[in-house]
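Participant: Handing you this structure, nothing more for now.
FYI, it's all coordinate maths here, none of it is from the lab. Owing to the predicted nature of the structure, the values given are computational and were not obtained by experimental measurement. Here the Cβ positions follow ideal geometry from the backbone for every residue, glycine too, while neighbour counts run over all protein chains shown.
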Amino acid sequence: MELLRDRGAAPVSVPVMELEPLLSPSEFQTMAEGIARGRWQDVVFTSANAVRLVLPERPALGSGARIFAIGSGTAQAAAQLGWSVEPLPASFIAESLAELLLAAGVTGRRILLPRAEGARQLLPEALAQAGAELEVVAIYRMRPDEASRSRLKAALAAPGLDCIIFTSGSSVECFQALRNGDSLGSQLLVACIGPITARAAARAGLLPGLVAEQHSLPGLVAALERRLGPLPENGRS
């Protein structure tokens, strides 16, 4: 929201999904303690949500696992807890993260991958095939936020809407669940943060008109400016 507002846009935020934890508080605590003690040599995060759920504050003397993150937002969430993060992948997608991990060497290493339920299998399959001692734990799921159904309906019906931005495949799925068949304007631009989100949009029948080359929020805003023109001179909302 702030990135768009700072560029002169008039963003409307609708929280179409909510996080549902899948572990008990004691299970989350046990996992956090294991990370701090170095139970796993590497911990791989593919979302900031996972970081906030299980990563403890780093001990003052420094200990525990190497931390890998799929992108800048996830890395920032870990850094805020005092953890140093390994170099980021070239692209903020699972394919690129898998390449980075394999290049770093994972054979025989104890690796924890805490993530969302239903996430893609590409990364764990690549690590397992490379000989990692991998533990994959589904720690949360994203579900449609029913409290936002009427708000979404009103936002889609409001005049002057130029673009819908999706930053994850889960947001596409929850958007579709709440939209309930409401029509979208034929001129409405569907913008996606990256190719995985764009594939989810295409599967849902939402033709992606813009896919950011840099798979981050700043990259998406920059791509929007290139497509629509500088804000606010273009008059877009």
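Participant: Residue by residue through the stretch 10-19, which ³J(HN,Hα) values in whole Hz follow from phi under the Karplus form 6.51 cos²θ - 1.76 cosθ + 1.60 (θ = phi - 60°), with glycine and proline marked x?
Facilitator: For the stretch 10-19, the Karplus-derived couplings read 10, x, 10, 9, 10, x, 7, 9, 9, 8 Hz, x marking Gly and Pro.
Participant: Can you tell me how the stretch 140-237 classifies by the Cα gyration tensor, rounded, prolate or oblate, using a/c under 1.5 as the rounded cut?
Facilitator: Taking the square roots of the gyration eigenvalues as a ≥ b ≥ c, the stretch 140-237 is oblate.
Participant: In the set [x] 35, 19, 17; [y] 24, 22, 19; [z] 30, 22, 16, which value of semi-axes √(5λ) of the Cα gyration tensor in Å was calculated from the structure you see?
Facilitator: [x]
Participant: Using the Cα centre of the chain as the reference point, and only Cβ charges (+1 on K/R, -1 on D/E), how large is the resulting charge dipole? Debye, rounded to the nearest 20.
Facilitator: Dipole magnitude for the chain comes out near 180 debye.
Participant: Sort 128-135, 100-107, 163-170 by the packing proxy (mean of other Cβ within 10 Å over each peptide's residues), most packed first.
Facilitator: Put in order of decreasing packing, that is 163-170, 128-135, 100-107.
Participant: Once the dipole of the stretch 19-142 is set up with Lys and Arg at +1 and Asp and Glu at -1 on Cβ about the Cα centre, which of TRP83, ALA130, LEU102 lies farthest towards its positive end?
Facilitator: The listed residue farthest towards the positive side: TRP83.
Participant: Give me the angle, in degrees from 0 to 90, between the Cα long axis of helix 94-104 and the longest principal axis of the Cα atoms of the chain, rounded to the nearest 10.
Facilitator: Taking Cα atoms only, the helix is inclined about 30 degrees.
Participant: For the stretch 19-142, just say rounded, prolate or oblate: build the C-alpha gyration tensor, square-root its eigenvalues into a ≥ b ≥ c, call rounded for a/c under 1.5, and beyond that prolate if a/b exceeds b/c, oblate if not.
Facilitator: It comes out rounded by the Cα gyration axes.
Participant: What number, rounded to the nearest 500 deg cm²/dmol, is the helix-based mean residue ellipticity at 222 nm of the chain, given -39500 (n - 2.57) per DSSP H run of at least four residues and division by all its residues?
Facilitator: Theoretical 222 nm ellipticity from helices: -11000 deg cm²/dmol.
Participant: Classify the stretch 135-183 from the C-alpha gyration tensor, please: rounded if a/c falls under 1.5, else prolate or oblate depending on whether a/b exceeds b/c.
Facilitator: Because a/c hits 1.5 or more and a/b exceeds b/c, the stretch 135-183 counts as prolate.
Participant: Continuing with the same structure: By how many degrees, 0 to 90 and rounded to 10, does the Cα axis of helix 169-179 deviate from the longest principal axis of the chain?
Facilitator: Helix 169-179 sits roughly 40 degrees off the main axis of the chain.
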